[in-house]
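The values are calculated or read from the model by the stated rules, or taken from the named source; none is laboratory data. Everything numeric here is computed off the predicted structure, so don't read it as measured data. All Cβ positions, glycine included, derive from the backbone under ideal geometry; neighbour counts span all protein chains shown. Heads up: the accessible areas ignore ligands, DNA and RNA and are worked out on the full protein's heavy atoms, side chains in. Shrake-Rupley method; radii C 1.70, N 1.55, O 1.52, S 1.80 Å.
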Amino acid sequence: MNMASRQAWLGVRLFDGAMQHEEPMAVLVEGDTIRQVVQAQDLSEAALEGYEIVARQGVMTPGLIDCHTHVVYGGNRAAEFEARLEGADYKEIARRGGGILSTVRQTRAASEEELFAAALPRLRALMAEGVTTIEIKSGYGLDLETELKLLRVARRVAEELPIRVSPTLLGAHALPPEYAGRSDDYIALVCEEMIPAAAEARLADAVDVFCESIAFSVAQCERVFEAAARHGLAIKGHTEQLSNLGGSAMAARHGALSVDHIEYLDEAGVAAMAASGTVATLLPGAFYFLRETQRPPIALLRQYGVPMAVATDVNPGTSPLSSILLMMNMACTLFQLTPTEALRGITANAARALGLGERLGTIAPGMQADLCLWDVEQPAELAYAFGPARLRQRVLAGEMRDAA
Ligand code: NIG
Ligand code: FE
């Protein structure tokens, strides 16, 4: 006999990951799986036999997915923030050994316990807003030991908190000082030691790179992607954030799940992404926090039908902003996404950016029962207003799980 719990949400206003339903809907869940999604008026009494009715109103969305974060790191960069406000430039700070490398120093010095404790309030803030799946990157270790340390903290997050974690190795984030002048040697370390070790220990699902003048060239990132493929790991990239090097097109040719930031992406890059099904992950928090003016090519992405995701990019340097709902608002105000596009960006398209679109991000029969129920009248309000808590229920794999 199947003892899985049966729960029903009746009369909800549904945004299912792709679209908003006009009629009140019913969502039936058995155990950790969505069983039925039908118009409430079409549901017979008999179909509800054995179901606990959990709610009879509210707006329902898939559990939210933050598909790009660096949430685990040591220290902070408030002093760099102050320096930038006085005119210092992000790239210049990086070239002088600050920026990412200052977080690397603080991260190497921190224990796993300290890194976990530091990430906890950021993770709680995201969960309290309805995030049920988060991607977590390494990238502030830049040596084998510390990169694996960061990935172990990501694994601990998955084990101890009510949230799914998709871990990503970002060894090619910046050149560590001990490799100054020897960036090809560092890339060899990433390809020959970090990727095999992370794959072997099953600590990463994907491999990311930072393709930029202050980080690594297109050719170097390509080597990293080839190594990832040899070890069965998916790939993605920080590309075209500060300049147009062509990293997005190269990543797309290698079948990248997503390319992220992409403020400087050109039409050839967009076309390559459309051909490969690569998701465009927009990071409006980093755009805002760096006071950028070059906006991602939204009209071209729409024209070519490239799916757009939206994420926090939580990190100490360019987006110390632990709020997926704020990102949705910024995606609309700064990049002119519609609220529906922004919602797709943190549900179905975010799942796709993680290679998890078959299981997560959509409310449909057979999908995982990760759900949010909101105290609003229509889904667009989630993008429109920001501040008051509006999450009523957060459901992970069919269970009510508050932000612990
Ligand atoms: O996504 N672009 C590169 N990496 C991060 C920022 C890293 C940092 O400044 O600490 C980003 O913006
Ligand atoms: Fe990032």
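Place the peptides 384-390, 358-364 in order of packing, highest mean first, counting for every residue the other Cβ atoms within 10 Å and averaging per peptide.
358-364, 384-390
Rounded to whole Å and sorted largest first, what semi-axes of the equivalent ellipsoid does the C-alpha gyration tensor of region 193-239 yield via the square root of 5 times each eigenvalue?
20, 9, 9
VAL165's amide H: which non-local residues (gap 5+, or another chain) put their own amide H closer than 5 Å, with H modeled 1.01 Å from N in plane and none for Pro or chain starts?
Residues meeting the criterion, in which the H sits 1.01 Å from N, are ILE134.
Mind putting a number on the dipole of region 146-300 about its Cα centre? Charges go on the C-beta only, +1 for Lys and Arg and -1 for Asp and Glu, and I need it in Debye to the nearest 20.
400
Pull up the DSSP beta bridges for the chain and report the antiparallel fraction as a percent, rounded to 5.
45
With the dipole of the chain worked out from charges on the C-beta (+1 for Lys and Arg, -1 for Asp and Glu) around the Cα centre, which of THR318, MET328, SER5 lies farthest toward the positive end?
So the residue furthest toward the plus end is THR318.
Which of LEU373, SER111, ALA94 sits farthest toward the positive end of the charge dipole of the chain, with +1 on the Cβ of Lys and Arg and -1 on the Cβ of Asp and Glu?
Positive-most Cα among the choices belongs to ALA94.
If you count, for each residue, the other Cβ atoms within 10 Å and average over each peptide, how do 100-106, 111-117 line up from highest to lowest?
100-106, 111-117
Probe radius 1.4 Å, ligands and nucleic acids ignored: give me the carbon and sulfur share of the accessible area of the chain as a rounded percent.
That fraction is 48 percent.
Region 268-404: D in µm²/s via Stokes-Einstein (Kirkwood Rh, Cα pairs, 10 °C, 1.306 mPa s)?
Roughly 100 µm²/s, to the nearest whole number.
Would you kindly give the portion of the calculated P(r) for region 81-220 that falls above 17 Å, as a percent of all Cα pairs?
62
Looking at the chain as a GNM with Cα springs under 10 Å, which of GLU45, GLU145, GLU381 has the largest mean-square fluctuation?
Per the Cα network of the chain with a 10 Å cutoff, GLU45 tops the list.
Calculate for the chain the 222 nm mean residue ellipticity that helices alone would give, adding -39,500 (n - 2.57) per DSSP H run of length 4 or more and normalising by residue count, nearest 500 deg cm²/dmol.
-10000 deg cm²/dmol
Could you identify which residue out of LEU150, LEU85, LEU14 has the top mean-square fluctuation in a GNM of the chain using Cα springs shorter than 10 Å?
Evaluated over the chain, the most mobile residue of the options is LEU85.
Compute the normalised compactness of region 302-358: alpha-carbon radius of gyration over 2.2 N^0.38 Å, N being the residue count.
Taking the Cα Rg and dividing by 2.2 N^0.38 Å, one obtains 1.14.
Once you have all Cα-Cα distances for the chain, histogram them in 20 Å bins from zero and send the whole-percent values.
Result returned by the calculation: 29, 57, 14, 0.
Which net charge results when you count Lys and Arg as +1 and Asp and Glu as -1 among the other residues whose beta-carbon is under 10 Å from that of VAL59?
0
Of all the Cα-Cα pairs you can form in region 1-91, what percent are over 15 Å apart?
70
Below 8 Å between Cα atoms, with a sequence gap of 6+, how large is the relative contact order for the chain in percent?
With pairs under 8 Å counted, the relative contact order is 20 percent.
To the nearest 20 debye, what charge dipole does region 284-404 have about its Cα centre, counting +1 at the Cβ of each Lys and Arg and -1 at the Cβ of each Asp and Glu?
Roughly 200 debye, rounded to the nearest 20.
Running a GNM on the chain with Cα contacts under 10 Å, which residue among ARG156, ARG302, ARG223 ends up with the highest mean-square fluctuation?
Residue with maximal mean-square fluctuation among ARG156, ARG302, ARG223: ARG302.
Seen from all sides and averaged, what is the projected area of the convex hull of the Cα atoms in region 194-310, in nm²?
Dividing the Cα hull surface by four gives the mean projection, 7.0 nm².
Which net charge results when you count Lys and Arg as +1 and Asp and Glu as -1 among the other residues whose beta-carbon is under 14 Å from that of LEU354?
Residues close to LEU354 contribute a combined charge of -2.
If every alpha-carbon in region 134-215 counts as one equal scatterer, what log10 I(q)/I(0) does Debye give at q = 0.11, 0.20, 0.24, 0.27 1/Å?
Taking Cα atoms of region 134-215 as identical point scatterers yields -0.28, -0.82, -1.10, -1.32.
If you project the alpha carbons of region 70-121 onto the principal axes, what extent comes out on each, in Å, largest first?
Extents along the principal axes, in whole Å: 35, 20, 15.
Looking at the chain, do any whole DSSP H helices span at least 20 angstrom along their long axis by alpha carbon and average -0.5 or above on Kyte-Doolittle, and which?
112-128, 144-160
What order, most packed first, do the peptides 176-182, 292-298 have when packing is the mean number of other Cβ atoms within 10 Å of each residue?
Most protected by this proxy first, the peptides run 292-298, 176-182.
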